[in-house]
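Remarks on the structure that follows.
The values are calculated or read from the model by the stated rules, or taken from the named source; none is laboratory data. Every value quoted in this text rests on a predicted model; they were computed, and no experiment measured them. Reconstructed Cβ throughout: ideal geometry from the backbone, glycine too, with neighbour counts over all protein chains shown.
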């Protein structure tokens, strides 16, 4: 039976589940990924902080990017933990990605009509997959009930992007992504974990376009909050969206 969800889209925690988690904490001590509190992988307060609050940006290629959370505070800590060594946290981040995909699909349909629309995850490098043993983006998509199209080859090795400017990121990502084959006539929403400057999504979209496909929107778990001068050096625009229907689930979103 599908798991019930409260109105904010987050999985509810039953008394039985709470008791099981309390018992597990005695055997396998854990700390909250959001605040470090003992005995829960994610405490109630930090779980509440992950309630989806969709926002929209327009990236350098003119394509809108929707995210479910600001990449800051609790959300940042939980995403970093999920990407490092706690893949089970993908379940708690999935509602934010579901909300972002719903907004992205809705906008893609307004712009591009009701034709077939596929979800595609930005790929990791083979080294990153081996190191983690899982793909964070695909794990979160699966936790949200989505299937994704297999479009890309594994990303080619490239320098870490964290400390680079927008221009440096774009330069380092040239040629990193490549499609598995021709994509003529296919339309996509591309999905990543975090949007900072947007260079990764734009580079992946360029690979889709080079293979004949079309990218209508982007979606991510979280987006870097607006700072002085833009988002991480990016002059993209943003606004909050009202949470809406999450869109169709599956490899083809309709």
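Here 51, 103 are screened, and the one residue that is at pLDDT 95 or above and buried (at least 19 other Cβ atoms within 10 Å of the Cβ) is 103. Filtering the stretch 111-120 to residues that are surrounded by fewer than 23 Cβ atoms within 10 Å (Cβ to Cβ) and modelled with pLDDT of 95 or more leaves only 118.
Annotation: of all residues in the stretch 148-173 being in contact with a helix residue (DSSP H, G or I) (Cβ under 8 Å, 6 or more places away or on another chain) and over 19 Å from residue 209 (Cβ atoms), the one that is modelled with the highest pLDDT is 154.
Does residue 88 satisfy being part of a helix (DSSP H, G or I), touching a strand residue (DSSP E or B) at 6+ places or on another chain (Cβ under 9 Å) and over 17 Å from residue 225 (Cα atoms)? When the stated conditions are applied, residue 88 does not pass them.
Reported count of residues in the stretch 54-80, each being in contact with a helix residue (DSSP H, G or I) (Cβ under 6 Å, 6 or more places away or on another chain), more than 13 Å from residue 222 (Cβ to Cβ) and crowded, with 18+ Cβ neighbours inside 10 Å, is 2.
Filter the stretch 124-155 for residues that are more than 18 Å from residue 78 (Cβ to Cβ) and touching a residue at least 60 places away in the same chain (Cβ under 8 Å); which is surrounded by the most Cβ atoms within 10 Å (Cβ to Cβ)? Looking at the filtered set, the residue picked out is 151. The number of residues in the stretch 174-201 being crowded, with 23+ Cβ neighbours inside 10 Å and modelled with pLDDT under 95 comes to 5. Is there a residue being part of a helix (DSSP H, G or I) and under 13 Å from the mean Cα position of the chain (by Cα) anywhere in the stretch 57-77? Among the residues of the stretch 57-77, at least one is part of a helix (DSSP H, G or I) and under 13 Å from the mean Cα position of the chain (by Cα), which makes the answer yes.
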